[in-house]
Amino acid sequence: MQHTTGHGPQWLHNAVIYQIFPERFAIGGGRTVHDKRGDGFYTAEGDTVSSWDELPQPGWGQNQQFFGGDLAGIRERLPYLQELGVNLIYLTPFYASPTNHRYDTVDYFTVDPASGSLEDFCLLVEAIHACGMRIIIDIALNHVSDRHPVFQEACRNPESRYRDFFSFLSYPDRYVGWYGYPSMPELNFANPEVVDTFITGEESVLRFWLRQGVDGFRLDTANDLGMPLMRLIRDTVREINPDAVVIGEVSQYPGGWAAAMDGVQTYYMRSAVLSFIRGNLDVTGLHAALSDITGRLPLHQQLGLLNQIGSHDSPRLRTLLADHPHLYSFFVGMMFAFPGVPMVYYGEENGMQGGPDPLNRAPMRWEPSDWDQDARSLFDRWIQLRQERRELRCGRTILLHDRCRELIAFIRHTEHPDEYALAVFNPTSAPVRVQLMLPFAHTHSQLMLEDAFSGTRVECRAGGITLEAAPYQSALLLPDMRTKPDYSFSKPWHAELTVQ
């Protein structure tokens, strides 16, 4: 197969992603986890059930603590997601598995019965598309559950063709497991039959779910799969459906990886912002990390980076910033204003709290009285701006750190003179007043810029503005073209100019 060189589906760049952990989002049909246990679910050895208003309990049994969320519950809550304004749903695994996270898959072709059925999944896909949204599904191809029938057969029969699906160190008891976990044996993709079974074959896992109507995949631990395999996955998916996307989880700097897939769920920018908040990076160091993105990656790769606010693998933002609550709007603003696709983990929009796994996987809080209204207002406004402002979705970036080192400031702009925004963040405890010269042709004199949050207005004069940023203030300054309606860099000239 020839590697493709195109930039992939552009719709990803216009997305606001909403990540759902199905077991903890909603239960359909007005039922409870106890009702479902009465139907025979959650009865395996070690399984426990908890009511929706309880919290996950850390410990050895945390992966078998069930709250009852399912696909029907997600479908019933689609109006909520429509109102929120997100347009791409990302589901973590829902396949047959002994655990609540389901990254240790037993059967990639089967919906876990506690989550529903294949029919329930297809109804969910249909409903999501009817709402004008898309859906990508999480899939862990690096490893399977040690209860997967193929692995069980490989261990039972030394002559089985499935033995080479895995890497045994001392057959049958020692084998390569993901991060050393024996419950998740790694697949051996050096075996062409493994590649055929999971990726390229006519009856492969990827082809199966594309036939069910999904709009793409998020590949768990893509850095463990490696760049060549990720390119093959992307090329295979693109051959089947050119409009489907492949996104990979990469913990490190996304350079190189971004060329092997359509989007990268990277922790790089998030880690840089957190390092700054914790005092491990100064403003100069944070500027350098941001420059690593805008200065070293092509634009289409920048726009495909997933700017995650949180996830099922990290503490929730309100909890993470408990000692720095004044920097909450800075963190959220960076996720939406910086190049890339904002990814909202379920409940973050309402300020849900929770520490490390499993506390960050608590059931969704549906009562508005439990919501942090300041957080909700902040997310509502940023999502609205993302929908309205094309420069935030697909614009280039001009970093301004060389002219205002006290602030994090940058311009997002498109090729159209009216489509630009100036993002300004003061992440310090001191007010900042600075004369800022803007290296951008369309900030003409007498034009007013207005902050999308406070309504504060700033006048441009000869390409410069005077900024007054309060401690910890976040602002997005937008041009008010009404302030100079007779001025334009793109006036149509319909008559030829005659030189006499």
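Every read-out reported here was derived from the displayed coordinates using simple, explicitly stated rules and does not represent laboratory data. Quick caveat: nothing in here was measured; it's all calculated off a predicted structure. Here Cβ is always computed from backbone atoms with ideal geometry, including for glycine, and neighbour counts include all displayed protein chains.
Can we say GLU239 is among the acidic types (Asp, Glu) and under 17 Å from PHE109 (Cα atoms)?
Against the criterion (among the acidic types (Asp, Glu) and under 17 Å from PHE109 (Cα atoms)), GLU239 does not qualify.
Of GLY279, GLY310, GLY304, GLY263, all but one fail to be over 14 Å from MET343 (Cα atoms) and either crowded, with 24+ Cβ neighbours inside 10 Å or free of Cβ contacts under 8 Å to residues at least 60 places away in the same chain (or both); the exception is GLY279. Would a scan of region 140-151 turn up a residue that is surrounded by fewer than 19 Cβ atoms within 10 Å (Cβ to Cβ), basic (Lys, Arg) and without any contact (Cβ under 8 Å) to a residue 60 or more places away in the chain? Within region 140-151, one or more residues are surrounded by fewer than 19 Cβ atoms within 10 Å (Cβ to Cβ), basic (Lys, Arg) and without any contact (Cβ under 8 Å) to a residue 60 or more places away in the chain.
Scanning region 298-318 for residues being of a type in the set (A, V, I, L, M, F, W, C) and more than 15 Å from GLN265 (Cα to Cα) gives a total of 2.
Of all residues in region 357-371, those that are in a helix (DSSP H, G or I) have Cβ atoms under 9 Å from Cβ atoms of residues that are aliphatic (A, V, I, L, M), 6 or more apart or on another chain, in LEU359/LEU55; ASN360/MET352; ASP370/MET352.
So that you can scan it fast, the table gives a plain yes or no per residue for (1) more than 30 Å from HIS129 (Cα to Cα); (2) assigned to a loop (DSSP other than H, G, I, E, B):
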site: ASN223; (1), (2): yes, no
site: LEU229; (1), (2): no, no
site: THR236; (1), (2): no, no
site: GLU239; (1), (2): no, no
site: GLY248; (1), (2): no, no
site: GLY255; (1), (2): yes, yes
site: GLN265; (1), (2): no, no
site: SER271; (1), (2): yes, no
site: ALA289; (1), (2): yes, no
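For region 302-324, filtering for residues that are out of contact with any Pro (no Cβ under 9 Å at 6 or more places or on another chain) and closer than 15 Å to PHE379 by Cα leaves 3.
Filtering region 238-253 to residues that are crowded, with 21+ Cβ neighbours inside 10 Å and touching a helix residue (DSSP H, G or I) at 6+ places or on another chain (Cβ under 6 Å) leaves ALA244, VAL245, VAL246, GLY248, GLU249, VAL250. Can you tell me which residues in region 294-327 are over 24 Å from TYR90 (Cα atoms) and of a type outside the set (Asp, Glu)? Of everything in region 294-327, those that are over 24 Å from TYR90 (Cα atoms) and of a type outside the set (Asp, Glu) turn out to be THR294, GLY295, ARG296, LEU297, PRO298, LEU321, ALA322, HIS324, PRO325, HIS326, LEU327. Taking the criterion of being touching a residue at least 40 places away in the same chain (Cβ under 8 Å) and assigned to a helix (DSSP H, G or I), the residues of region 81-117 that qualify are LEU81, GLN82, LEU84.
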